[in-house]
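Q: My questions will all concern the structure given below.
The values are calculated or read from the model by the stated rules, or taken from the named source; none is laboratory data. Computed from a predicted model, the values in this text were never measured in an experiment. Cβ: placed from backbone, ideal geometry, glycine included. Neighbour counts: every protein chain shown.
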Amino acid sequence: MGPLHGLRIVELFCIGPGPFAGMLLSDMGADILRIDRPQEPQLGYPDHKYRTLWRNRRAVQIDLANPAGVETVLRLVEHADGLIEGYRPGVAERLGVGPEVCLKRNPRLVYGRMTGWGQDGHPCKGLLITCASPESVRSRHASVACHSVCGEVVS
């Protein structure tokens, strides 16, 4: 038992910060139910039993492309304290599990949305274009700045 014992979280399958957040919450005692896709995407991970970020959770496969699957997730959301999703901008809404729909089902739900570049896209779009220009690639100065600011290597 931990300080979050009794807290129920629905985690929609994603990569990056979502599984890490789920791992930390489950390590502190939260009950996490991970919603997996019917067929797991090939992400180069080893077998499930070795996936450290996925520890301490139960998982179920639900097809969010199917209206019955969406309804199942929304019924789970009605009884959850929180939801974690890390889809690209607009994907959760397109699937029918965006914040507006979920909060109508459960107004006290904490909807945790994590994306690599926010809901508006990459914060360094202009800088990336500058970094990729022929002049900057030849000089290498902008490319170094781009890597430092955005974590991107453009060459």
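Q: Name the pairs whose Cβ atoms lie under 6 Å apart, with the first residue in the range 85-110 and at positive phi, the second among the hydrophobic types (A, V, I, L, M, F, W, C) and modelled with pLDDT of 95 or more, and 6 or more positions between them or separate chains?
A: Filtered contacts from the range 85-110: GLY96/VAL70.
Q: Ok, one more. Within the range 5-26, restricting attention to residues that are outside any helix (DSSP H, G or I) and among the aliphatic types (A, V, I, L, M), which residue is farthest from ARG108 (Cα to Cα)?
A: Checked the range 5-26; the qualifying residue farthest from ARG108 (Cα to Cα) is ILE15.
Q: In the range 18-35, what count of residues is obtained for those that are at pLDDT below 90 and touching a Phe, Trp or Tyr at 6+ places or on another chain (Cβ under 8 Å)?
A: Qualifying residue count, the range 18-35: 1.
Q: Quick one: what pairs do we get from the range 55-71, first residue exposed (fewer than 15 other Cβ atoms within 10 Å of the Cβ), second in a loop (DSSP other than H, G, I, E, B) and at pLDDT 95 or above, C-beta under 8 Å, 6+ apart or different chains?
A: PRO67/GLY96
Q: Can you pull out the residues in the range 48-98 that are assigned to a helix (DSSP H, G or I), under 21 Å from ARG8 (Cα atoms) and either aliphatic (A, V, I, L, M) or at pLDDT 95 or above (or both)?
A: Correct list: LEU53, GLY69, VAL70, GLU71, THR72, VAL73, LEU74, ARG75, LEU76, VAL77, GLU78, ALA92.
Q: Please verify whether the range 113-130 includes one or more residues that are surrounded by 14 or more Cβ atoms within 10 Å (Cβ to Cβ), at pLDDT 95 or above and among the polar types (S, T, N, Q).
A: Within the range 113-130, not a single residue is surrounded by 14 or more Cβ atoms within 10 Å (Cβ to Cβ), at pLDDT 95 or above and among the polar types (S, T, N, Q).
Q: What are the residues in the range 99-112 that are surrounded by fewer than 16 Cβ atoms within 10 Å (Cβ to Cβ), in contact with a Leu (Cβ under 8 Å, 6 or more places away or on another chain) and assigned to a loop (DSSP other than H, G, I, E, B), if any?
A: Answer for the range 99-112, where residues must be surrounded by fewer than 16 Cβ atoms within 10 Å (Cβ to Cβ), in contact with a Leu (Cβ under 8 Å, 6 or more places away or on another chain) and assigned to a loop (DSSP other than H, G, I, E, B): there is none.
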